[in-house]
Amino acid sequence: MSSPDSSPEIARRLLHQAWPVLIAQLLSMSMMVADTVIVGRFGTLDLAAVAVGSGLYISVAMLLVGVLQAVAPTVAHHYGAGRIAEIGPTLQQGLWLALMLAVPGMILLAFPDRLLELTGVPGDVSTRTRGYLLATAAGLPAVLLYRTFYAFNNALGRPRVLMAISLTVAMTHIPLAWALVHGHLWLPPLGVLGSGISTACVNWLGLTCATVYLLRNPFYRPYRLLANWCGPRRTELLALLRLGIPMGLSTFIEVSSFTLISLFAARLGAEPVAGHRIVANLAALVYMLPLAMSIATLVLVGQAAGAREWGRARATVRVGMLLTSALVSLIGVGLWLARERVIGLFSDDPMVRTVALALIVYVCIYQLFDAVQTVAAHALRGYKVTFVPMLMHAVCFWGVGLVGGYWLAFHAPGREEAPNVAGFWEAGVISTVLASILFGTLLQIITRRQQATPPSTQHAQAA
(Lines give C-alpha, C1' and ligand atoms only; values in the text may rest on other atoms or scores of the structure.)
Protein backbone atom coordinates (compact mmCIF):
# COMPACT_ATOMS: atom_id res chain seq x y z
CA MET A 1 0.00 0.00 0.00
CA SER A 2 1.30 3.47 -0.91
CA SER A 3 2.25 5.92 1.81
CA PRO A 4 -0.31 8.73 2.37
CA ASP A 5 2.44 11.21 1.46
CA SER A 6 3.59 9.40 -1.69
CA SER A 7 2.98 11.02 -5.07
CA PRO A 8 0.92 8.10 -6.49
CA GLU A 9 -1.38 8.07 -3.45
CA ILE A 10 -1.83 11.85 -3.54
CA ALA A 11 -2.56 11.69 -7.28
CA ARG A 12 -5.14 8.97 -6.66
CA ARG A 13 -6.85 11.05 -3.98
CA LEU A 14 -6.84 14.16 -6.15
CA LEU A 15 -8.43 12.33 -9.08
CA HIS A 16 -10.93 10.62 -6.78
CA GLN A 17 -11.95 14.04 -5.45
CA ALA A 18 -11.87 15.86 -8.80
CA TRP A 19 -13.75 13.70 -11.30
CA PRO A 20 -17.22 13.95 -9.68
CA VAL A 21 -16.73 17.71 -9.33
CA LEU A 22 -15.79 17.88 -13.03
CA ILE A 23 -18.94 16.00 -14.03
CA ALA A 24 -21.08 18.24 -11.80
CA GLN A 25 -19.59 21.37 -13.39
CA LEU A 26 -20.08 20.07 -16.93
CA LEU A 27 -23.70 19.27 -16.10
CA SER A 28 -24.16 22.84 -14.85
CA MET A 29 -22.70 24.15 -18.09
CA SER A 30 -25.07 21.91 -20.06
CA MET A 31 -27.97 23.80 -18.49
CA MET A 32 -26.66 27.12 -19.81
CA VAL A 33 -26.11 25.63 -23.26
CA ALA A 34 -29.62 24.17 -23.16
CA ASP A 35 -31.09 27.57 -22.28
CA THR A 36 -29.36 29.11 -25.30
CA VAL A 37 -30.65 26.41 -27.66
CA ILE A 38 -34.20 26.28 -26.25
CA VAL A 39 -34.73 30.04 -26.08
CA GLY A 40 -32.92 30.57 -29.39
CA ARG A 41 -35.55 28.45 -31.12
CA PHE A 42 -38.28 30.63 -29.60
CA GLY A 43 -37.11 34.03 -30.81
CA THR A 44 -34.16 36.35 -31.37
CA LEU A 45 -35.21 38.96 -28.81
CA ASP A 46 -35.65 36.29 -26.15
CA LEU A 47 -32.25 34.83 -27.04
CA ALA A 48 -30.67 38.27 -26.58
CA ALA A 49 -32.50 38.60 -23.25
CA VAL A 50 -31.25 35.27 -21.96
CA ALA A 51 -27.70 36.18 -23.06
CA VAL A 52 -27.80 39.47 -21.14
CA GLY A 53 -29.82 38.12 -18.22
CA SER A 54 -27.75 35.00 -17.67
CA GLY A 55 -24.56 37.07 -17.79
CA LEU A 56 -25.84 39.38 -15.04
CA TYR A 57 -27.29 36.50 -13.03
CA ILE A 58 -24.06 34.49 -13.18
CA SER A 59 -21.97 37.52 -12.20
CA VAL A 60 -24.12 38.23 -9.12
CA ALA A 61 -24.49 34.57 -8.14
CA MET A 62 -20.79 33.72 -8.54
CA LEU A 63 -19.74 36.74 -6.49
CA LEU A 64 -21.92 35.57 -3.59
CA VAL A 65 -21.12 31.88 -4.08
CA GLY A 66 -17.42 32.76 -4.00
CA VAL A 67 -17.87 34.29 -0.53
CA LEU A 68 -19.55 31.10 0.69
CA GLN A 69 -16.63 29.01 -0.54
CA ALA A 70 -14.92 30.07 2.70
CA VAL A 71 -16.80 27.15 4.24
CA ALA A 72 -14.60 24.68 2.32
CA PRO A 73 -11.14 25.55 3.75
CA THR A 74 -12.64 26.18 7.20
CA VAL A 75 -14.29 22.74 7.36
CA ALA A 76 -11.24 21.10 5.75
CA HIS A 77 -9.01 22.51 8.50
CA HIS A 78 -11.41 21.27 11.20
CA TYR A 79 -11.58 17.85 9.54
CA GLY A 80 -7.80 17.56 9.19
CA ALA A 81 -7.23 18.65 12.78
CA GLY A 82 -9.84 16.24 14.13
CA ARG A 83 -12.00 19.07 15.50
CA ILE A 84 -15.20 17.17 14.76
CA ALA A 85 -17.32 19.21 17.19
CA GLU A 86 -16.60 22.43 15.24
CA ILE A 87 -17.74 21.13 11.85
CA GLY A 88 -21.49 21.34 12.54
CA PRO A 89 -21.41 24.93 13.87
CA THR A 90 -19.35 26.02 10.85
CA LEU A 91 -21.97 24.63 8.48
CA GLN A 92 -24.72 26.34 10.47
CA GLN A 93 -22.99 29.72 10.27
CA GLY A 94 -22.37 29.16 6.55
CA LEU A 95 -26.10 28.62 6.05
CA TRP A 96 -26.91 31.78 7.99
CA LEU A 97 -24.39 33.68 5.85
CA ALA A 98 -26.01 32.30 2.70
CA LEU A 99 -29.40 33.63 3.78
CA MET A 100 -27.91 37.04 4.61
CA LEU A 101 -26.15 37.29 1.25
CA ALA A 102 -29.33 36.25 -0.56
CA VAL A 103 -31.06 39.52 0.44
CA PRO A 104 -28.82 41.98 -1.48
CA GLY A 105 -28.48 39.45 -4.31
CA MET A 106 -32.24 39.17 -4.76
CA ILE A 107 -32.60 42.96 -4.68
CA LEU A 108 -30.00 43.35 -7.44
CA LEU A 109 -31.72 40.75 -9.62
CA ALA A 110 -35.27 41.92 -8.93
CA PHE A 111 -34.46 45.58 -9.62
CA PRO A 112 -31.85 45.48 -12.40
CA ASP A 113 -32.66 48.81 -14.07
CA ARG A 114 -29.34 50.39 -13.16
CA LEU A 115 -27.37 47.37 -14.39
CA LEU A 116 -29.31 47.28 -17.66
CA GLU A 117 -28.75 51.01 -18.23
CA LEU A 118 -25.00 50.53 -17.83
CA THR A 119 -24.98 47.79 -20.48
CA GLY A 120 -27.10 49.84 -22.90
CA VAL A 121 -29.60 47.04 -23.56
CA PRO A 122 -32.38 48.00 -26.06
CA GLY A 123 -35.86 48.50 -24.57
CA ASP A 124 -37.53 45.41 -26.06
CA VAL A 125 -34.70 43.17 -24.87
CA SER A 126 -34.55 44.96 -21.50
CA THR A 127 -38.21 44.17 -20.73
CA ARG A 128 -37.69 40.47 -21.33
CA THR A 129 -34.44 40.51 -19.34
CA ARG A 130 -36.22 42.01 -16.32
CA GLY A 131 -38.71 39.14 -16.29
CA TYR A 132 -35.93 36.57 -16.53
CA LEU A 133 -33.93 38.15 -13.68
CA LEU A 134 -37.02 38.45 -11.46
CA ALA A 135 -37.68 34.74 -11.90
CA THR A 136 -34.08 33.76 -11.15
CA ALA A 137 -34.09 36.01 -8.07
CA ALA A 138 -36.70 33.68 -6.56
CA GLY A 139 -34.22 30.81 -6.80
CA LEU A 140 -31.14 32.67 -5.53
CA PRO A 141 -31.57 31.69 -1.81
CA ALA A 142 -31.67 28.03 -2.88
CA VAL A 143 -28.51 28.48 -4.96
CA LEU A 144 -26.59 29.99 -2.05
CA LEU A 145 -27.81 27.46 0.52
CA TYR A 146 -27.00 24.57 -1.84
CA ARG A 147 -23.55 25.97 -2.60
CA THR A 148 -22.84 26.09 1.13
CA PHE A 149 -23.66 22.38 1.26
CA TYR A 150 -21.52 21.96 -1.89
CA ALA A 151 -18.46 23.55 -0.26
CA PHE A 152 -19.04 21.65 2.99
CA ASN A 153 -19.36 18.29 1.24
CA ASN A 154 -16.25 18.86 -0.85
CA ALA A 155 -14.28 19.68 2.31
CA LEU A 156 -15.22 16.29 3.78
CA GLY A 157 -14.11 14.51 0.61
CA ARG A 158 -17.61 13.43 -0.51
CA PRO A 159 -18.16 14.97 -3.96
CA ARG A 160 -20.11 12.12 -5.61
CA VAL A 161 -23.45 13.20 -4.20
CA LEU A 162 -22.87 16.61 -5.83
CA MET A 163 -22.54 14.89 -9.20
CA ALA A 164 -25.78 12.96 -8.61
CA ILE A 165 -27.69 16.09 -7.62
CA SER A 166 -26.32 17.99 -10.63
CA LEU A 167 -27.49 15.20 -12.91
CA THR A 168 -30.97 15.29 -11.35
CA VAL A 169 -31.19 19.07 -11.70
CA ALA A 170 -29.93 19.14 -15.31
CA MET A 171 -32.23 16.32 -16.42
CA THR A 172 -35.18 18.16 -14.87
CA HIS A 173 -34.29 21.62 -16.15
CA ILE A 174 -33.96 20.76 -19.84
CA PRO A 175 -37.48 19.34 -20.40
CA LEU A 176 -39.05 21.81 -17.96
CA ALA A 177 -37.44 24.81 -19.67
CA TRP A 178 -38.52 23.50 -23.07
CA ALA A 179 -42.11 23.10 -21.86
CA LEU A 180 -42.30 26.52 -20.20
CA VAL A 181 -40.55 28.43 -22.99
CA HIS A 182 -42.63 26.92 -25.80
CA GLY A 183 -45.89 26.37 -23.91
CA HIS A 184 -46.21 22.60 -23.61
CA LEU A 185 -47.68 22.36 -20.09
CA TRP A 186 -51.17 23.72 -20.84
CA LEU A 187 -49.67 27.19 -20.41
CA PRO A 188 -49.08 29.97 -22.92
CA PRO A 189 -45.53 30.15 -24.31
CA LEU A 190 -43.45 32.14 -21.81
CA GLY A 191 -40.27 32.62 -23.82
CA VAL A 192 -37.23 33.68 -21.82
CA LEU A 193 -39.39 34.04 -18.69
CA GLY A 194 -40.01 30.29 -18.82
CA SER A 195 -36.27 29.67 -18.78
CA GLY A 196 -35.93 31.83 -15.66
CA ILE A 197 -38.82 30.07 -13.92
CA SER A 198 -37.33 26.66 -14.73
CA THR A 199 -33.94 27.79 -13.38
CA ALA A 200 -35.52 28.91 -10.10
CA CYS A 201 -37.53 25.68 -9.77
CA VAL A 202 -34.57 23.35 -10.28
CA ASN A 203 -32.45 25.42 -7.87
CA TRP A 204 -34.98 24.64 -5.14
CA LEU A 205 -35.04 21.02 -6.33
CA GLY A 206 -31.25 20.80 -5.88
CA LEU A 207 -31.50 22.24 -2.37
CA THR A 208 -34.27 19.77 -1.50
CA CYS A 209 -32.14 16.84 -2.69
CA ALA A 210 -29.19 18.09 -0.63
CA THR A 211 -31.33 18.54 2.49
CA VAL A 212 -32.85 15.06 2.25
CA TYR A 213 -29.43 13.52 1.69
CA LEU A 214 -27.97 15.44 4.64
CA LEU A 215 -30.75 14.35 6.99
CA ARG A 216 -30.92 10.70 5.96
CA ASN A 217 -27.31 9.69 5.32
CA PRO A 218 -25.71 8.10 8.42
CA PHE A 219 -22.26 9.42 7.42
CA TYR A 220 -23.11 12.85 8.83
CA ARG A 221 -24.44 11.71 12.22
CA PRO A 222 -21.11 11.98 14.09
CA TYR A 223 -20.91 15.66 13.11
CA ARG A 224 -24.29 16.50 14.72
CA LEU A 225 -24.86 19.04 11.97
CA LEU A 226 -28.33 20.17 13.01
CA ALA A 227 -28.08 19.43 16.73
CA ASN A 228 -27.95 22.39 19.11
CA TRP A 229 -28.86 24.74 16.30
CA CYS A 230 -27.71 28.27 17.09
CA GLY A 231 -28.41 31.66 15.58
CA PRO A 232 -25.90 33.85 13.74
CA ARG A 233 -22.67 34.34 15.65
CA ARG A 234 -20.79 37.54 14.93
CA THR A 235 -17.27 36.14 15.46
CA GLU A 236 -17.76 33.10 13.23
CA LEU A 237 -19.55 35.09 10.52
CA LEU A 238 -16.80 37.70 10.44
CA ALA A 239 -14.19 34.94 10.17
CA LEU A 240 -16.02 33.47 7.17
CA LEU A 241 -16.38 36.91 5.60
CA ARG A 242 -12.69 37.77 6.07
CA LEU A 243 -11.81 34.57 4.28
CA GLY A 244 -14.68 34.58 1.79
CA ILE A 245 -14.97 38.16 0.53
CA PRO A 246 -11.54 38.06 -1.18
CA MET A 247 -12.47 34.65 -2.64
CA GLY A 248 -15.76 36.03 -3.97
CA LEU A 249 -14.06 39.08 -5.45
CA SER A 250 -11.40 36.91 -7.08
CA THR A 251 -14.13 34.82 -8.71
CA PHE A 252 -15.97 37.96 -9.80
CA ILE A 253 -12.80 39.45 -11.28
CA GLU A 254 -12.18 36.35 -13.41
CA VAL A 255 -15.80 36.06 -14.57
CA SER A 256 -16.30 39.78 -15.24
CA SER A 257 -13.03 40.10 -17.17
CA PHE A 258 -14.40 37.72 -19.83
CA THR A 259 -17.82 39.39 -19.75
CA LEU A 260 -16.31 42.83 -20.29
CA ILE A 261 -14.12 41.59 -23.14
CA SER A 262 -17.28 40.56 -25.00
CA LEU A 263 -18.75 44.04 -24.47
CA PHE A 264 -15.57 45.80 -25.65
CA ALA A 265 -15.23 43.50 -28.64
CA ALA A 266 -18.80 44.26 -29.77
CA ARG A 267 -17.61 47.37 -31.63
CA LEU A 268 -15.48 45.21 -33.94
CA GLY A 269 -18.49 43.71 -35.71
CA ALA A 270 -20.53 40.52 -35.72
CA GLU A 271 -17.93 38.13 -37.15
CA PRO A 272 -15.07 38.97 -34.72
CA VAL A 273 -17.47 38.84 -31.78
CA ALA A 274 -18.90 35.50 -32.89
CA GLY A 275 -15.42 34.06 -33.45
CA HIS A 276 -14.32 35.31 -30.03
CA ARG A 277 -17.45 33.81 -28.46
CA ILE A 278 -16.73 30.38 -29.93
CA VAL A 279 -13.16 30.38 -28.63
CA ALA A 280 -14.26 31.74 -25.24
CA ASN A 281 -16.76 28.88 -24.95
CA LEU A 282 -14.03 26.36 -25.73
CA ALA A 283 -11.76 27.99 -23.14
CA ALA A 284 -14.53 27.81 -20.54
CA LEU A 285 -15.12 24.15 -21.34
CA VAL A 286 -11.43 23.24 -21.02
CA TYR A 287 -11.21 25.30 -17.81
CA MET A 288 -13.61 22.92 -16.06
CA LEU A 289 -10.80 20.34 -15.71
CA PRO A 290 -8.21 22.55 -13.96
CA LEU A 291 -11.00 24.04 -11.84
CA ALA A 292 -12.06 20.57 -10.64
CA MET A 293 -8.45 19.64 -9.92
CA SER A 294 -7.95 22.95 -8.11
CA ILE A 295 -10.96 22.35 -5.86
CA ALA A 296 -9.57 18.90 -5.04
CA THR A 297 -6.19 20.47 -4.28
CA LEU A 298 -7.82 23.05 -1.99
CA VAL A 299 -9.57 20.31 -0.01
CA LEU A 300 -6.54 18.07 0.42
CA VAL A 301 -4.22 20.99 1.23
CA GLY A 302 -6.78 22.30 3.74
CA GLN A 303 -7.07 18.92 5.44
CA ALA A 304 -3.28 18.55 5.61
CA ALA A 305 -2.87 22.12 6.90
CA GLY A 306 -5.52 21.51 9.55
CA ALA A 307 -3.54 18.48 10.71
CA ARG A 308 -0.31 20.57 10.56
CA GLU A 309 1.16 18.00 8.17
CA TRP A 310 3.04 20.54 6.09
CA GLY A 311 5.04 17.99 4.13
CA ARG A 312 1.84 16.36 2.87
CA ALA A 313 0.35 19.76 2.05
CA ARG A 314 3.42 20.73 0.03
CA ALA A 315 3.48 17.37 -1.76
CA THR A 316 -0.22 17.80 -2.61
CA VAL A 317 0.48 21.19 -4.21
CA ARG A 318 3.35 19.74 -6.25
CA VAL A 319 1.39 16.72 -7.47
CA GLY A 320 -1.72 18.80 -8.16
CA MET A 321 0.26 21.27 -10.23
CA LEU A 322 2.08 18.63 -12.27
CA LEU A 323 -0.96 16.44 -12.83
CA THR A 324 -3.22 19.32 -13.85
CA SER A 325 -0.59 20.79 -16.19
CA ALA A 326 -0.08 17.41 -17.87
CA LEU A 327 -3.81 16.85 -18.39
CA VAL A 328 -4.41 20.36 -19.74
CA SER A 329 -1.41 20.04 -22.07
CA LEU A 330 -2.88 16.87 -23.55
CA ILE A 331 -6.21 18.63 -24.07
CA GLY A 332 -4.45 21.59 -25.66
CA VAL A 333 -2.57 19.38 -28.13
CA GLY A 334 -5.78 17.52 -29.00
CA LEU A 335 -7.69 20.78 -29.45
CA TRP A 336 -4.99 22.13 -31.78
CA LEU A 337 -4.91 18.97 -33.89
CA ALA A 338 -8.71 18.89 -34.22
CA ARG A 339 -9.20 22.67 -34.38
CA GLU A 340 -10.87 22.84 -37.80
CA ARG A 341 -13.41 20.13 -37.00
CA VAL A 342 -14.12 21.58 -33.54
CA ILE A 343 -14.67 25.11 -34.86
CA GLY A 344 -16.85 23.67 -37.63
CA LEU A 345 -19.26 22.34 -35.01
CA PHE A 346 -20.03 25.89 -33.89
CA SER A 347 -20.42 27.81 -37.16
CA ASP A 348 -20.71 27.40 -40.92
CA ASP A 349 -19.86 31.04 -41.57
CA PRO A 350 -16.40 31.16 -43.28
CA MET A 351 -15.51 34.56 -41.77
CA VAL A 352 -16.47 33.49 -38.24
CA ARG A 353 -14.50 30.26 -38.62
CA THR A 354 -11.46 32.20 -39.87
CA VAL A 355 -11.53 34.44 -36.80
CA ALA A 356 -11.97 31.50 -34.43
CA LEU A 357 -9.18 29.49 -36.05
CA ALA A 358 -6.83 32.45 -35.71
CA LEU A 359 -7.64 32.73 -31.99
CA ILE A 360 -7.59 29.07 -30.97
CA VAL A 361 -3.79 28.99 -30.67
CA TYR A 362 -4.11 31.45 -27.78
CA VAL A 363 -6.49 29.09 -25.99
CA CYS A 364 -3.97 26.24 -26.22
CA ILE A 365 -1.26 28.43 -24.64
CA TYR A 366 -3.54 30.31 -22.26
CA GLN A 367 -5.03 27.19 -20.66
CA LEU A 368 -1.67 25.80 -19.52
CA PHE A 369 -0.70 28.92 -17.57
CA ASP A 370 -4.27 29.43 -16.39
CA ALA A 371 -4.24 25.90 -14.99
CA VAL A 372 -1.05 26.66 -13.03
CA GLN A 373 -2.40 29.89 -11.54
CA THR A 374 -5.78 28.30 -10.76
CA VAL A 375 -4.24 25.39 -8.85
CA ALA A 376 -1.88 27.76 -7.03
CA ALA A 377 -4.72 30.15 -6.11
CA HIS A 378 -6.88 27.33 -4.73
CA ALA A 379 -3.94 25.82 -2.85
CA LEU A 380 -3.46 29.21 -1.18
CA ARG A 381 -7.13 29.11 -0.18
CA GLY A 382 -6.40 25.74 1.39
CA TYR A 383 -3.82 27.57 3.52
CA LYS A 384 -6.48 30.26 4.21
CA VAL A 385 -4.51 32.88 2.28
CA THR A 386 -7.00 34.90 0.19
CA PHE A 387 -6.45 38.66 0.42
CA VAL A 388 -3.16 39.01 -1.46
CA PRO A 389 -4.33 36.55 -4.17
CA MET A 390 -7.38 38.78 -4.70
CA LEU A 391 -5.10 41.77 -5.35
CA MET A 392 -3.03 39.65 -7.73
CA HIS A 393 -6.17 38.63 -9.62
CA ALA A 394 -7.19 42.28 -9.97
CA VAL A 395 -3.77 43.31 -11.30
CA CYS A 396 -3.47 40.37 -13.69
CA PHE A 397 -7.00 40.03 -15.07
CA TRP A 398 -8.41 43.56 -14.85
CA GLY A 399 -5.11 45.40 -15.24
CA VAL A 400 -2.99 43.41 -17.68
CA GLY A 401 -5.72 41.26 -19.22
CA LEU A 402 -8.56 43.77 -19.67
CA VAL A 403 -6.86 47.18 -19.87
CA GLY A 404 -3.83 45.74 -21.66
CA GLY A 405 -6.09 43.79 -23.99
CA TYR A 406 -8.06 46.90 -24.88
CA TRP A 407 -4.82 48.70 -25.77
CA LEU A 408 -3.49 45.76 -27.80
CA ALA A 409 -6.80 45.37 -29.64
CA PHE A 410 -7.44 49.05 -30.47
CA HIS A 411 -4.32 51.18 -29.89
CA ALA A 412 -1.22 49.04 -30.43
CA PRO A 413 0.97 49.98 -33.40
CA GLY A 414 -0.69 48.78 -36.60
CA ARG A 415 -4.10 48.27 -34.95
CA GLU A 416 -5.35 51.82 -34.54
CA GLU A 417 -6.88 51.64 -38.00
CA ALA A 418 -7.37 47.85 -38.05
CA PRO A 419 -8.47 46.74 -34.55
CA ASN A 420 -8.25 43.03 -33.84
CA VAL A 421 -9.94 40.94 -31.13
CA ALA A 422 -6.71 38.92 -30.93
CA GLY A 423 -5.32 41.73 -28.77
CA PHE A 424 -7.52 40.63 -25.88
CA TRP A 425 -6.26 37.05 -26.18
CA GLU A 426 -2.63 38.18 -26.41
CA ALA A 427 -3.11 40.14 -23.19
CA GLY A 428 -4.88 37.13 -21.71
CA VAL A 429 -1.84 34.95 -22.30
CA ILE A 430 0.44 37.60 -20.78
CA SER A 431 -1.85 38.01 -17.77
CA THR A 432 -1.97 34.27 -17.04
CA VAL A 433 1.80 33.94 -17.39
CA LEU A 434 2.19 36.79 -14.90
CA ALA A 435 -0.45 35.28 -12.60
CA SER A 436 1.23 31.86 -12.63
CA ILE A 437 4.54 33.48 -11.65
CA LEU A 438 3.01 35.64 -8.89
CA PHE A 439 0.82 32.89 -7.42
CA GLY A 440 3.62 30.34 -7.67
CA THR A 441 6.01 32.67 -5.86
CA LEU A 442 3.51 33.44 -3.10
CA LEU A 443 2.73 29.74 -2.71
CA GLN A 444 6.44 28.95 -2.32
CA ILE A 445 6.76 31.62 0.37
CA ILE A 446 3.76 30.24 2.27
CA THR A 447 4.83 26.60 2.08
CA ARG A 448 8.41 27.38 3.15
CA ARG A 449 7.18 29.52 6.02
CA GLN A 450 4.88 26.74 7.26
CA GLN A 451 7.61 24.15 6.80
CA ALA A 452 9.94 26.25 8.94
CA THR A 453 7.38 26.72 11.74
CA PRO A 454 8.65 25.01 14.92
CA PRO A 455 6.52 22.06 16.12
CA SER A 456 5.78 23.83 19.40
CA THR A 457 4.36 26.80 17.50
CA GLN A 458 2.31 24.49 15.32
CA HIS A 459 0.73 22.85 18.35
CA ALA A 460 0.05 26.26 19.85
CA GLN A 461 -1.63 27.41 16.64
CA ALA A 462 -3.68 24.21 16.51
CA ALA A 463 -4.86 24.83 20.04
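The values are calculated or read from the model by the stated rules, or taken from the named source; none is laboratory data. Since we're looking at a predicted model, the values are computed, not measured. Glycine gets a Cβ as well: all are built from the backbone with ideal geometry, and neighbour counts include every protein chain shown. Ligands, DNA and RNA are excluded from the accessible area calculation, which covers all protein heavy atoms including side chains. Shrake-Rupley method; radii C 1.70, N 1.55, O 1.52, S 1.80 Å.
Using a Förster distance of 30 Å, how high is the FRET efficiency between F219 and R114, based on the Cβ-Cβ distance and rounded to 0.05?
0.10
Assuming 0.890 mPa s and 25 °C, estimate D for segment 150-262 with Stokes-Einstein, Rh taken as the Kirkwood radius over Cα pairs, in µm²/s. Walk me through the intermediate numbers first.
Numbers: Rh = 17.5 Å.
Rounded, D is 140 µm²/s.
Per q in 0.13 1/Å, what log10 I(q)/I(0) does a Debye calculation on the alpha-carbon atoms of segment 15-129 return?
Treating every Cα as an identical point scatterer, log10 I(q)/I(0) equals -0.71.
For segment 113-178, how big is the tail of P(r) above 16 Å, as a whole percent of Cα pairs?
64
If Lys and Arg each add +1 and Asp and Glu each add -1, what is the summed charge of the other residues whose beta carbon sits under 15 Å from the beta carbon of A81? Mind showing how you got there, number by number?
Numbers: positive: R83, R308, R312, K384; negative: E86, E309.
Neighbour charge sum, excluding A81 itself: +2.
How big, in percent, is the set of alpha carbon pairs in segment 84-196 lying more than 17 Å apart?
67
Among A305, A177, P389, pick out the residue whose Cα is farthest towards the positive end of the charge dipole of the chain, where Lys and Arg carry +1 and Asp and Glu carry -1 on C-beta, about the Cα centre.
A305
Find the all-direction average of the projected area of the Cα convex hull for segment 282-379, expressing the result in square nanometres with one decimal place.
It is 5.9 nm².
Helix-only mean residue ellipticity at 222 nm, the chain, DSSP H runs n ≥ 4 weighted -39,500 (n - 2.57), per residue, nearest 500. What is it?
-28000 deg cm²/dmol, from helical runs alone.
Over the Cα atoms of the chain, what is the Rg over Rh ratio if Rh follows Kirkwood?
Ratio of gyration radius to Kirkwood radius for the chain: 0.97.
Enumerate the residues in segment 192-236 having an amide nitrogen under 13 Å from the point lying 7 Å beyond the Cα of L185 toward its Cβ.
193-205
What net charge is computed for the residues neighbouring L249, neighbours being all others with C-beta under 14 Å from the C-beta of L249, Lys and Arg scored +1, Asp and Glu -1?
+1
Simple spin-label model, 7 Å along Cα-to-Cβ: H16 to M32 in nm?
Using points 7 Å along Cα→Cβ, the separation is 3.1 nm.
As a test of understanding, state the convex hull volume per residue of segment 209-298 from its alpha carbons, in Å³. Mind showing how you got there, number by number?
Working: hull volume 15.7 nm³, N = 90.
Cα-based convex hull of segment 209-298, divided per residue, equals 174 Å³.
What's the local net charge at V299, with K and R +1, D and E -1, over the other residues with C-beta under 11 Å away?
So the surrounding residues net to +3.
Extension gain E416-A239, at 0.36 nm per residue separation less the Cα-Cα distance, in nm?
Gain in length upon complete extension: 58.9 nm.
Give me the percent of the accessible area of the chain that comes from carbon and sulfur atoms, probe 1.4 Å, all protein chains in place.
Using a 1.4 Å probe with all protein chains present, the chain comes out at 68 percent carbon and sulfur.
With a Förster radius of 51 Å, plug the Cβ-Cβ distance of A85 and S329 into 1/(1 + (r/R0)^6) and report the FRET value to the nearest 0.05. List each step's numbers first, then the result.
Working: r = 44 Å, r/R0 = 0.86.
With R0 = 51 Å, the Cβ-Cβ based efficiency is 0.70.
Ignoring GluC sites (Glu not before Pro) that are buried or in helix or strand per DSSP, and keeping those with at most 12 other beta carbon atoms within 10 Å, what is the longest stretch of the chain between them?
1-415
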